[in-house]
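A.B. asks: One structure, pasted below without further comment.
Computed from the coordinates by the stated procedures, all read-outs in this text should not be read as laboratory data. None of the values given here were measured: they were computed from a predicted structure. Cβ coordinates were reconstructed from backbone atoms using ideal geometry, including for glycine residues, and neighbour counts include every protein chain displayed.
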Amino acid sequence: MKLKPTLSRLSRLAAFGALFAHFVHAPAGHAAETPAVIDREVLSRPLPGLSAEEEERFRRGRSLFRQSWVIAPANDVAVDGLGPLYNRLACISCHAKNGRGGAPDKPEERMQSMLVRLSLPGRNAQGGPLPHPAYGDQLNEEGIPGVPGEGRAHLHWHHKQARLADGTTVTLRWPSLSFSELAYGKLGKTLTSLRVSPHVAGLGLLDAVEEKTLLALAAEKKPDGVRGTVNLVYDKATGQPAVGRFGLKSNMPNLRQQIAGAFVGDMGITSPLFAQENCTAAQTACAAAPHGGQPELSATQLDEISFYLANLAPPPRRASDSPQVRQGEAHFAELGCATCHRPQLISGEVAGNPRLSRQSFAPYTDLLLHDMGPQLADGRPDHRANGRQWRTAPLWGLGVLTAINEQRGLLHDGRARTAEEAILWHGGEAETARRRYIKADRTQRAALLAFLQSL
Amino acid sequence: MNIPFKPGRRRFIQGAGLLGLNLAASGMPGALAKSAPQTVTVVTSYADEFVSRIEAAFEKAYPQYRLRVVWRMPNDAAPYLQQPDHGGADVYWSASPRTFARLARDNTWRKLPIDSGALPRQVGKTELGDAAGFYTASEIAGFGFAVSPPALTQRGLPLPADWTDLSDPRLAGLIALPVPARVGFAPPMVEIVLQAYGWQRGWALWSEIAANAKPIERGSTFVTDEIAAGRCAIGLSIDFFVNSAIANGAALSFIYPRHTGLNPAHIAVTRNSPNPEGAAAFVNFLLSLNGQKLLAHPDIRRLPIRPDAYAGLPTRQFNPFAAAAEGGLQFDSDAARPRLATSASLFQQMLIEPLAELTPLWRRLQAAEQAGKPLPEVRRLLGAPPIDEAAANDPALHRAIGLRLEGENPAIPTPQELAWGETAARNRHAARKLLDEAGA
């Protein structure tokens, strides 16, 4: 059989692999010097100071995060219950090396680490998006054998040139979306929103920021027309409204619910917080398929994976003493970026976890919603977030993603291939900062980008 | 004249319209109007970082096919694939030679749709496929030592070159040892030593190595974790875990000992595959030069089964074909396979269960020997296997222990196995008595 060449893919991988040109081994009795050029585990390490017992717990959570889930029924009862409808098999499918996902380059390529949210205009009983009656609130492209996947989403890229004040041009791309193989009827006039998976390091610290801190941040008077509001969402554990902080529209109140939501939404794994399989009334084969227990992810497993993610150390800064990076940090403040991408947050008290308690840390986010302008608008409200608002993306880790993830796209839909492209897509409350960037000279821009690369 | 970038209003309306409301109602763009890709269902136990990359590359090379991955450990994969329709599976792709052989006996596979003459059939003494042509290796992995050179240097210890070096009492507590009865990749290591040194000497060596070891009950990265954390300086492992860790930044090295062997990971097509053409495409992709080169990815790091896939890799890259040509890799994995569960159970009963008791006895013996008081009978007793090799090769015994390694009945030792533990206990008791009498 003739094989079609996969040269472009292979050359990309080869170039990627060249970063780690240490596929070497020692002959018997001789050790090779084998330090990798770039440490790809940088987002996978625990906060310092775990006890031996905590370290074991961290590892158990890590195993679950790396686990490929199994179709029920199975002998592996602890990890069965995939689907019946799902996007990917494992958490690391979308968060490879705990890093960030990306968007496919071509319409026919599958979304390996991104997804499409769906809803109808209106709100559900908790004030969140109104799920599509046949497809729910997320397109699950995959189904276990016997259960048709919901359909396929395709990204089509469009391009344009952006010109900076000094004449530099930057090619920008933006996606449009289409669907095929829809298995449960027409979508009709459905609101859609793309999501590229973010990296997961440092989430425990973000979880530990007190609500009152976020409310105070929202109340602060800010320059350049920047506002910033909190989302108010539904805490499934307490049944009460809560300030949102996770999800690209801050639609999840805490890390535990965010994890449980991803399990059920992305992998079809039920948990104590989301006890229902993700089958709609139209999906009869889905509803009839065997499940992997009720719930499929036990409370203990949810605790362990929550512990793991809460205790992942934030990405460390690099080259922060470099004059160019320091200069870039100053420009970051001068341009107004730091108004939303705040360099410092302080966590509250976390019972039994001094590593997360009363910590000052630098995520470069305020966890607030901001109007990002019409170009980034998805037109899909989510609780109090309107169709133009997005949570300020944490910038920590931005500089290590290139080394970790081959497929990398910034912003919610992965359109930005570089930090500069991401800046140029900013609008709305960030319009002033974007304009300042456009006017900045080449040296200033290079310094700013070097600073971002150091995060 | 420079015109600063301003988002075009028309473009915005176009973009927002495209995104906010989907295009499904109006059909697909022309590029996608062709028929939907056909599904190729692959059952595997490979980690997602491996599977996802193969999936992306395969679908790019063969856009007419789409992979559906059904993830199951070998113990779960076998009953799944033994269903009349194989659970809809077209391909089984996994690192479990035992499962491939077992399912071949059950007539689960069809003849492989490949030109078998184009690929090597053997590396050293490791067969890459079955003689009947139902399955073949898609990658191979070798066994050896993960080491932290600085941790050894600090203690004035040399780098180990072979298994015998691991019995050095200065390595006490410094060897991470994956428990063969618990960790899937570990059983062949037991047999590598037994084949290399013989039954009696091999078990004696394992006993002394175990006395230096910290047992690791789970596999994957847990061995390298112990070394990275500084708790151990050497870890017994299969190469790709360590090489991937190294490629990801771990300050480790991997040493292939002089006596080592390979574990082939196979691929097969189900007899009633619903998509045999797609299955053939997947098998051929994996075995192609392009497919084999993907194995060098930092998160995969398996050894290609094609000699030509080593061209272009760093010269210090371990090349099993070159090692075999120089007389290495004499471990016969096919010969060892029937006995793997038995030797893993012996290891458990003789060494792992009583490790807390065994270790101080070895320390006392080694101290006496260093003091010039050799105690050969004590040494014999501590290293004596509970049964001889002929008994261990009994097919009835293999059937009785049978599927233990595949995760079935994991916690219920047979009376025979318990008897091995009792024999080992009597040996330890006798050894202790002799040590006491010698004042050691």
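A.B. asks: Run the helix sum for chain A: -39,500 (n - 2.57) per DSSP H stretch of 4+ residues, divided by residue count, reported at 222 nm to the nearest 500 deg cm²/dmol.
C.D. replies: Taking each H run of at least 4 residues, the total per residue is -7500 deg cm²/dmol.
A.B. asks: What does segment A:203-298 give for Rg and for Dmax, in Å, if only its C-alpha atoms count?
C.D. replies: In order Rg, Dmax, the Cα atoms of segment A:203-298 give 17.0, 55 Å.
A.B. asks: Here's another thing I want to ask about it. On the Cα set of segment B:241-367, report Rg and Dmax in Å, please.
C.D. replies: When restricted to the Cα atoms of segment B:241-367, Rg and Dmax are 20.0, 65 Å.
A.B. asks: Per residue of chain B, what 222 nm ellipticity follows from adding -39500 (n - 2.57) for every DSSP H run with n ≥ 4, rounded to the nearest 500?
C.D. replies: -12000 deg cm²/dmol
A.B. asks: Report the Rg/Rh value for the protein assembly as shown, based on alpha-carbon coordinates and the Kirkwood definition of Rh.
C.D. replies: Value, to two decimals: 0.99.
A.B. asks: In addition: Lysine pairs in chain B with Cα distance under 27 Å, only those 8 or more apart or on different chains: how many are there?
C.D. replies: Eligible lysine pairs with Cα atoms under 27 Å apart amount to 8.
A.B. asks: Can you put B:GLU217, B:GLU208 in order of Cβ neighbours within 10 angstrom, beginning with the fewest?
C.D. replies: Final ranking by Cβ density, sparse to dense: B:GLU217, B:GLU208.
A.B. asks: Once you list every other residue whose beta carbon is under 9 Å from the beta carbon of B:GLY173, what net charge do they have if Lys and Arg are +1 and Asp and Glu are -1?
C.D. replies: Once positives and negatives cancel, what remains is +2.
A.B. asks: Something else about it: Just in segment B:322-388: which GluC sites (Glu not before Pro) are loop by DSSP and have at most 10 other Cβ atoms within 10 Å?
C.D. replies: Qualifying residues, ordered by number: B:GLU326.
A.B. asks: Take the Cα pairs of chain A, get the Kirkwood Rh, then feed it into Stokes-Einstein at 25 °C and 0.890 mPa s and tell me D in µm²/s.
C.D. replies: Once the numbers are plugged in, D ends up at 106 µm²/s.
A.B. asks: Please list log₁₀ I(q)/I(0) at q = 0.09, 0.10, 0.16, 0.18 Å⁻¹ for segment B:150-286, using the Debye equation with identical point scatterers on the alpha-carbon positions.
C.D. replies: Listed by q, the Debye log ratios stand at -0.34, -0.41, -0.83, -1.00.
A.B. asks: With a 10 Å cut-off between alpha carbons and a GNM built on chain B, which of B:GLN82, B:GLN366, B:GLN416 moves the most?
C.D. replies: Most flexible of the set in this elastic network: B:GLN416.
A.B. asks: Over segment A:245-304, what is the relative contact order in whole percent, taking alpha-carbon pairs under 8 Å and six or more residues apart?
C.D. replies: Worked out over segment A:245-304, it gives 28 percent.
A.B. asks: Of the trypsin sites (Lys or Arg not before Pro) in segment A:354-396, which ones lie in a loop per DSSP and count no more than 14 other C-beta atoms within 10 Å?
C.D. replies: A:ARG358
A.B. asks: What lysines could a cross-link reach from A:LYS236, if we take a straight Cα to Cα line under 27 Å and drop same-chain neighbours fewer than 8 places away?
C.D. replies: Correct list for A:LYS236: A:LYS212, A:LYS249.
A.B. asks: Could you grab the relative contact order for segment B:43-147? Cα pairs under 8 Å, six or more apart, rounded to a whole percent.
C.D. replies: Here the relative contact order equals 24 percent.
A.B. asks: Could I ask something else about it? Quick check: the angle from helix B:276-287's long axis to the longest principal axis of chain B, C-alpha only, nearest 10 degrees?
C.D. replies: So the helix axis and the longest Cα principal axis differ by about 60 degrees.
A.B. asks: Report for chain B the percent antiparallel among DSSP-assigned beta bridges with both residues inside it, nearest 5.
C.D. replies: 60 percent
A.B. asks: Would you please name the trypsin sites (Lys or Arg not before Pro) within segment B:153-204 that are DSSP coil residues with at most 13 other C-beta atoms within 10 Å of their C-beta?
C.D. replies: Passing sites in segment B:153-204 are B:ARG155.
A.B. asks: Along the principal axes of its C-alpha atoms, what lengths does chain B span, in descending order and rounded to whole Å?
C.D. replies: On the principal axes, chain B reaches 95, 63, 42 Å in Cα extent.
A.B. asks: Let me ask something additional. Find the cysteines in chain A that fail to meet the 4.7 Å Cβ criterion with every other cysteine, and list them.
C.D. replies: Lone cysteines by the Cβ rule: A:CYS91, A:CYS94, A:CYS337, A:CYS340.
A.B. asks: To continue, here is another question. Could you please rank B:LYS433, A:LYS249, B:LYS293, placing first whichever residue has the fewest other Cβ atoms within 10 Å of its Cβ?
C.D. replies: B:LYS433, B:LYS293, A:LYS249
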